[in-house]
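Below: one structure, written as structure tokens.
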Amino acid sequence: MARRKVEKTTLFSATESLLIEQGYRGFHFKSLSERLKIGRSTLYEYYTSKEELITDYLVHMLDGIIEECSEISKTDAVGQLKEILKILLKYSQLHQIVLVIPFIDPHHSSQVEMALANLKRDHDLLYDKISSLIEVGKSEKTIRSDIETAVIASMIFNAIQVPNSLKINEEKWSEKVLEILFTGIGSNK
């Protein structure tokens with residue numbers, strides 16, 4: 001196969017789809033290079049191992065999510081939480097891929113170790129932002145104060161795990177999830 005440059009977005013997109021299809025154990029540079037129609041040696045020009053590629057991809061994705069969350073207009077706490085949830089639902093495929101993290105040896109390389117530390121930092125940052133907004137919502141009396149912040153934050157953070165069983169567009173799906181999270185499942189009589 002001929003040597004050619006690969007755009008990072010193309011490489012990350014192929015990495016994502018292959019991880020979703022094959023999982024961590026089934027992910028190999030050979031299958032990635034075949035998908036991209038490049039030689040395996042071309043991949044090694046960018047990354048020395050699948051661990052480095054996968055962790056770089058994950059950091060890139062989580063950094064993008066955090067950046068999008070930081071651009072949310074400063075409305076009330078509930079409005080901001082709803083916008084964060086929409087962003088999380090937009091990247092719901094990431095949840096499937098994050099499940100590979102326990103399989104990655106943090107001592108594989110210093111690059112992998114640093115990437116895993118950055119992932120934890122970013123995860124904590126996002127969780128803290130959600131928790132802070134919940135506290136603001138409680139003080140504004142727009143969020144129930146009788147439910148622990150950690151429970152509400154976990155529900156919001158983990159809503160991305162709810163599969164889109166209706167196979168509807170992302171916006172409509174996020175509206176349904178938001179409605180359940182913020183108004184409950186009780187009868188609207």
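The values are calculated or read from the model by the stated rules, or taken from the named source; none is laboratory data. Since we're looking at a predicted model, the values are computed, not measured. Positions of Cβ are backbone-derived with ideal geometry, glycine not excepted, and every protein chain shown enters the neighbour counts.
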> List the pairs whose first member sits in the stretch 143-160 and is at negative phi and among the polar types (S, T, N, Q), whose second member is assigned to a helix (DSSP H, G or I) and modelled with pLDDT under 90, and whose Cβ atoms are under 9 Å apart, counting only residues at least 6 apart or on separate chains?
Replying inline: ASN158/HIS95
>> Restricting to the stretch 94-128, and then to whatever is part of a loop (DSSP other than H, G, I, E, B) and under 13 Å from the mean Cα position of the chain (by Cα), can you tell me which residue is surrounded by the most Cβ atoms within 10 Å (Cβ to Cβ)?
In response: VAL100
>> Whether any residue in the stretch 83-93 is assigned to a helix (DSSP H, G or I) and either touching a strand residue (DSSP E or B) at 6+ places or on another chain (Cβ under 7 Å) or without any contact (Cβ under 8 Å) to a residue 24 or more places away in the chain (or both) is what I want to check.
In response: yes
> Among the listed residues ILE38, ILE65, ILE84, ILE72, which satisfies the condition of being touching an Asp or Glu at 6+ places or on another chain (Cβ under 6 Å) and at pLDDT 90 or above?
Replying inline: ILE72
>> Take the residues in the stretch 129-187 that are in a loop (DSSP other than H, G, I, E, B) and of a type in the set (Val, Ile, Thr); name whichever of them is surrounded by the most Cβ atoms within 10 Å (Cβ to Cβ).
In response: ILE143
